[in-house]
Every structure is written in C-alpha cells, then in structure tokens.
Amino acid sequence: MNVVPKTILAATDFSTTADRAAGFARDLSRRFDAHLRMLHVAVILDDVHLEQEHRRQLEELMAGTGEVRRAVMEDDAEARTGVEITSHLVRGLAPGETIVESAESLGCDLIVMGTHGRRGISHLLLGSVAERVVRTSSVPVLTVRSDAAINPEGITRILVPHDFSEASATAIRYAADWALALGAEITLLHVVEPVVYPEFYAVDVLPDDLMSRLKTRSEEALHKAAAGLAESVPTHTAVAVGRAADTITSYVDSENFDLVVMATRGLSGLEHILLGSVAESVLRRCHAPMLTIPG
C-alpha cells in the first residue's frame, strides 16, 4: 500500500456532496500525480430515496455507450486538469461493500467519497455508506462533507489527533508523508479526557493537580513525537481538555485546518453500536475533509 496514493478511487452517486468530493479527489490526483478512477455503484435493488434527477443520470449511464458513460462521470475533468481518469460503472447489492471490493480489485491506494454527516436517530436507523466504507476498507478513506471548508490553495495545514497508541502513530506517519508531498505543516493534538463519576460516589472530575500532571506528561510526549518529524515537516503540538470527539471537532473548526488524519480501530457489531468510535464521531461532525487510516 502506498502512503502517498498513486491510484485514487472517487465514488459518486451524482449528488452535490459526491460532486464536491470528486472535485477534491481530482485536485489530489493532480498534486500527487495519481491515476483517478471514478466509480458509480448501480444498486441492483431500486432505491426509492434516489432523487429524480439522479435517477435520470443513472438511466442514461445504464443505457449509454462507454463514451456516454465517460462523459457523464468524468465531466471533461481530464482535459481541464490533466489528470488521468478512468470511469467504472459497477452493479452491486450494497454500495458500501461494492466500493470497498472495487478499490481492492482496481489496486487503489485511497478512496475518496462524500458524506452527509447524519447524526442522532436518523444515523442509527439509516447508517451511512461512508461510515461502512471507513469501517471495512483496507486502504485509507478520505471523506468530504457537502459543506466542507476546502482551501482553494490545497492542503496546507493538517491536524492529527494523537492518543499515543500505535494506531495513531501510524496516522502520524501517513500525515507526515502527505505533508511532505504537499508542502503542508502538521499539528499534533492530544485530548485529556476528564473522568466524571456517578453522583453515588460523590467524586467530581480529576483533581486539578492530577490534571496538571497529565497535561504536562502529554505535552512532553507530543514534543517527543513531533521531534521525529521536525526535520522534514513543520510540526506543532497542542494539548486540550474535554471529551475527545467534541474537542477535536471544535478545534478543527476554530483553527481552520484543511485536513484531519485519524486512525480507526474498526469496531464492528454490538461493540460498535454500544461504544461507537471517536473517529466516526468526528467524521459525522467535522467540516474539514477527513482521512481515516485503518487500524
């Protein structure tokens, strides 16, 4: 697997969100000199929620020749950007699984797709194609919201939340290689989560002196992690206190980062339903594009 992608898969359902993600994928392909593969999954079972405009586009794709499909999916982007683009139309029962399988069969190093960022009851009932891809993909997945704050100058500032695990250390290595290739800088963020006990125990959050020691130790560990990157990539560090997902999301929005890089440990089944994932929680709410690295 290439850390800096040489073959990128951009999944599209012809929605505004997917178009935004595809544009981001084209820019990345140009900057990385990577081959871009555009993919649409034609779901075999009819989707009653598919908007009429998108339904017409799909019917044109299915009925048209290869040149028609190419024109619809690539939108003359190859001529305008100089990016090598290949289009793929694949049938499947479930878009998430088909996207992951297609990325593997086509030898892609990165999947780029849009996400609608659903939360609450709608998320629990409907789930998200993007989240399913993030959980099951063996290659990194870059998600872009329809309202993502995209820097027209490209990726110049990358945030990497670091919990001192091997998984987040892997995310740092990915971020460093991307930053080196893109001329970007990195900020390593560690969130110290206060422990709140039930009222029965008559205990509040961590004592101030203990919290202070935890922050100091975290700052020292972050500086050590940053020291290994400083020679090749400008690196900054920050320590914050709060709930991890909430704090990361707020920090991203307040500091206007161009990309967030996080590892996901791939929780599944009942464990995922009960515990969720910090990475997925950030994915649903973060306005910056987010690169998730399989843990």
Open item on the list: Go through the stretch 62-104 and report how many residues are at pLDDT 55 or above and in a helix (DSSP H, G or I).
Closed with: 14
Task: Residue count, the stretch 1-20 (criterion: open to solvent by less than 20 Å² (accessible area, probe 1.4 Å) and at pLDDT 90 or above) - done: 5
Task: Cβ pairs under 6 Å, 6+ apart, first in the stretch 254-265 and closer than 13 Å to W178 by Cα, second in a strand (DSSP E or B) and charged (D, E, K, R) - done: D258/R157
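To keep it simple, each residue is scored yes or no on (1) modelled with pLDDT of 90 or more; (2) among the hydroxyl-bearing types (S, T, Y); (3) crowded, with 17+ Cβ neighbours inside 10 Å.
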| residue | (1), (2), (3) |
| --- | --- |
| T170 | yes, yes, no |
| A175 | yes, no, yes |
| W178 | yes, no, yes |
| G183 | yes, no, no |
| V195 | no, no, no |
| E199 | no, no, no |
Open item on the list: Cβ-Cβ under 9 Å, sequence separation 6+ or interchain: first residue in the stretch 168-190 and under 21 Å from V282 (Cα atoms), partner open to solvent by 40 Å² or more (accessible area, probe 1.4 Å) and among the aromatic types (F, W, Y). Which pairs?
Closed with: T187/Y251; L189/Y251; H190/F164
Task: Every pair of residues 6+ apart whose Cβ atoms lie under 6 Å, when the first sits in the stretch 209-235 and is free of Cβ contacts under 8 Å to residues at least 60 places away in the same chain while the second is aliphatic (A, V, I, L, M) and open to solvent by 60 Å² or more (accessible area, probe 1.4 Å) - done: S232/L180; V233/L180
TODO: Those residues that are open to solvent by less than 60 Å² (accessible area, probe 1.4 Å) and part of a loop (DSSP other than H, G, I, E, B), I need them from the stretch 125-145; list them, please.
DONE: G127, S128, S137, V139, P140
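The values are calculated or read from the model by the stated rules, or taken from the named source; none is laboratory data. Worth saying up front: this structure is predicted, and the values here are computed from it rather than measured. As a convention, Cβ positions derive from the backbone with ideal geometry for all residues, glycine included, and neighbour counts pool all protein chains shown. Only protein heavy atoms, including side chains, enter the accessible area calculation; ligands, DNA and RNA are left aside. Shrake-Rupley method; radii C 1.70, N 1.55, O 1.52, S 1.80 Å.
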